[in-house]
Structure formats: structure tokens, C-alpha cells
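The values are calculated or read from the model by the stated rules, or taken from the named source; none is laboratory data. Please read these numbers as outputs of a predicted model, since none were measured by experiment. Virtual Cβ from ideal backbone geometry, glycine too; neighbours counted across all protein chains shown. When the accessible area is computed, the model is the full protein with side chains, heavy atoms only, and any ligands, DNA or RNA have been set aside. Shrake-Rupley method; radii C 1.70, N 1.55, O 1.52, S 1.80 Å.
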Amino acid sequence: FFLMDCVVTPLKTLMGFSVHLNVQLKFYNLPYSNEFKESIVSLSQTGRSANSLAREYNVSVSTVTKWIKQADPNNTKVLSSNERALIKENKRLKEELDILKRAAVLMAKS
């Protein structure tokens, strides 16, 4: 899951020899496949906890939780700005339609 890059810098040079003591490790997250994410989400839907899935598949709990939230169609917090705008417009149009229906009923009674 990780790609490791190791950087070793010399601290001292003694009689032409470098003494390497300072070691820095950098870890890079590789992207997870959609198939892997979907399998984790489906396992969570069977009742498995995010903690147990994270431990078993060596993924952080916050990542598993994020995937579960993203898979929930009722969760509007993970939608794109375009999707949120469409939901907002849809709500506005439904309100307008409701107003027009009420006006039509009132006009029919007159």
C-alpha cells in the first residue's frame, strides 16, 4: 500500500569516509482501486465495523469511514458543488410547483 523513499544525509566526514546517521523516510499513499473501496463498503454494510475493516485491510479508520459516507446516497456532505447546486435547484422548483398548485386551486374556486 505504500511506496517508501529513503533519504540518507551524511553528518560527518572522517578521513574521507562519510558517516551516515540521519535517515528520513517518506511514505506515499498509493491510490486505492474503486473495486477495493466498494468491497470495503459492502463489508461494512454487512455489519462489520470501520475499526475492524481498517485493521484487517491496513487502511486508516478515517479513510474507511470516508468511503462509507461517500457511498451513502443520502449524505449530501460528500457531494460535489454541482450536485449540491442541483439538489438546491430541485428543492426550489418543487416549492414553486407547490405554490402554482395552490394558486390553481384558488383560481378554480373563484
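Send over the Kirkwood Rh of the range 38-110, from the inverse of the averaged 1/r over different Cα pairs, rounded to one decimal Å. Numbers along the way, then the final one.
Working: mean 1/r = 0.0649 Å⁻¹.
It is 15.4 Å.
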Q: Could you please put 40, 87, 99 in sequence from largest to smallest accessible area, using a 1.4 Å probe?
A: 99, 87, 40
(Q) For the pair residue 100/residue 81, report the inter-label distance in nm, with labels modelled 7 Å from Cα in the Cβ direction. (A) 3.0 nm
Q. Relative to the present Cα-Cα distance, how much length would full extension add between residue 65 and residue 109 at 0.36 nm per residue of separation?
A. 10.4 nm
Q. Roughly what would the spin-label model give for residue 56 and residue 42, points 7 Å off Cα along C-beta, in nm?
A. 1.3 nm
Q. Counting only the heavy atoms of the protein chains, how much of residue 37 is accessible to a 1.4 Å probe, in Å² to the nearest 10?
A. 60 Å²
